[in-house]
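Some notes on the structure that comes next.
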């Protein structure tokens, strides 16, 4: 259980969650006294039960941040942006008035820790496929100092990267959910580029000895979703495209010694 600190304390957030909005009924800091806190929580829980609402606790630096954290949690669970309902309790909204801009979805840097150690066999762009896992997503600190950012990175590295072979990325997104989705797509594109590079290299290795660079050995078709190829060389681009079950989902290109075949080159071709 997270403990209160001089900068962060526990808040009670009471309201009713809808499809893409949250009607805020009440928000307050939990009393420091444990008995008083339990009494207040039980009282608010009764109101929640009677009005078919929800009571949650959030640790934050302010009431606004507590509500923002809960809106983000609701949005990540629903897969859509969740905002405050205009019919929220005016007294509760007054607590957030000076911080209202913080409730908007703004683009910000997010750190994403991933585990991609296992081989991928499923659909590359399918969320939750085998072989890739988003372990942790955290927004970059709002403190505009290098020391604060370095401390955040150091804490993440010590907790996740020291004893586990995980990777950390940084994406600019509007939410934790979007940052996680960007990490999944980035991983899928990397694997697609690796498959494309392998396909090109196989063709180059099997090329006749008398073949010289610059001339076209043949045409290759590659699926732009996963970088796979049927392993065949075609006489021209039209033959290569027509032989594919889904021509519009493929790219075709001539195979020469100057054909891009590094992973980075293939990534650029598939982008």
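The values are calculated or read from the model by the stated rules, or taken from the named source; none is laboratory data. Predicted, not measured: the structure shown is a model, and the values here were computed from it. Positions of Cβ are generated from backbone atoms using ideal geometry, with glycine treated the same way; all protein chains shown enter the neighbour counts.
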Residues of the range 53-73 satisfying the condition of being closer than 25 Å to residue 18 by Cβ and out of contact with any strand residue (DSSP E or B) (no Cβ under 7 Å at 6 or more places or on another chain): 62, 64, 65, 68, 72, 73
Per-region count, the range 33-53, residues exposed (fewer than 12 other Cβ atoms within 10 Å of the Cβ) and either not in a helix (DSSP H, G or I) or not assigned by TED's automatic domain parsing to the domain that holds residue 14 (or both): 2
Meets criteria (modelled with pLDDT of 85 or more and part of a loop (DSSP other than H, G, I, E, B)) for residue 88: yes
Number of the exception - residue 77 against (1) surrounded by 12 or more Cβ atoms within 10 Å (Cβ to Cβ); (2) under 29 Å from residue 137 (Cα atoms); (3) without any contact (Cβ under 8 Å) to a residue 60 or more places away in the chain: (1)
Out of 267, 258, 212, sole residue that is within 30 Å of residue 133 (Cα to Cα) and either assigned to a helix (DSSP H, G or I) or modelled with pLDDT under 85 (or both): 267
Residue in the range 30-39 that is touching a residue at least 12 places away in the same chain (Cβ under 8 Å), touching a helix residue (DSSP H, G or I) at 6+ places or on another chain (Cβ under 7 Å) and more than 26 Å from residue 78 (Cα to Cα) present: yes
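Just to be sure, is residue 102 at pLDDT below 85, surrounded by fewer than 16 Cβ atoms within 10 Å (Cβ to Cβ) and outside any loop (DSSP other than H, G, I, E, B)?
Spelling it out, residue 102 is indeed at pLDDT below 85, surrounded by fewer than 16 Cβ atoms within 10 Å (Cβ to Cβ) and outside any loop (DSSP other than H, G, I, E, B).
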Residue that is at pLDDT 85 or above, outside any loop (DSSP other than H, G, I, E, B) and farther than 19 Å from residue 10 by Cα, where the choices are 56, 67, 113, 27: 113
Positions within the range 133-175 being outside any strand (DSSP E or B) and touching a helix residue (DSSP H, G or I) at 6+ places or on another chain (Cβ under 7 Å), in sequence order: 140, 141, 166, 175
Extreme residue, farthest from residue 136 (Cα to Cα), among residues of the range 170-185 that are loosely packed, with under 15 Cβ neighbours inside 10 Å and touching a strand residue (DSSP E or B) at 6+ places or on another chain (Cβ under 9 Å): 172
Some residue of the range 33-45 being in contact with a strand residue (DSSP E or B) (Cβ under 6 Å, 6 or more places away or on another chain) and modelled with pLDDT of 85 or more: yes
Flag for residue 223 being crowded, with 19+ Cβ neighbours inside 10 Å and under 33 Å from the mean Cα position of the chain (by Cα): yes
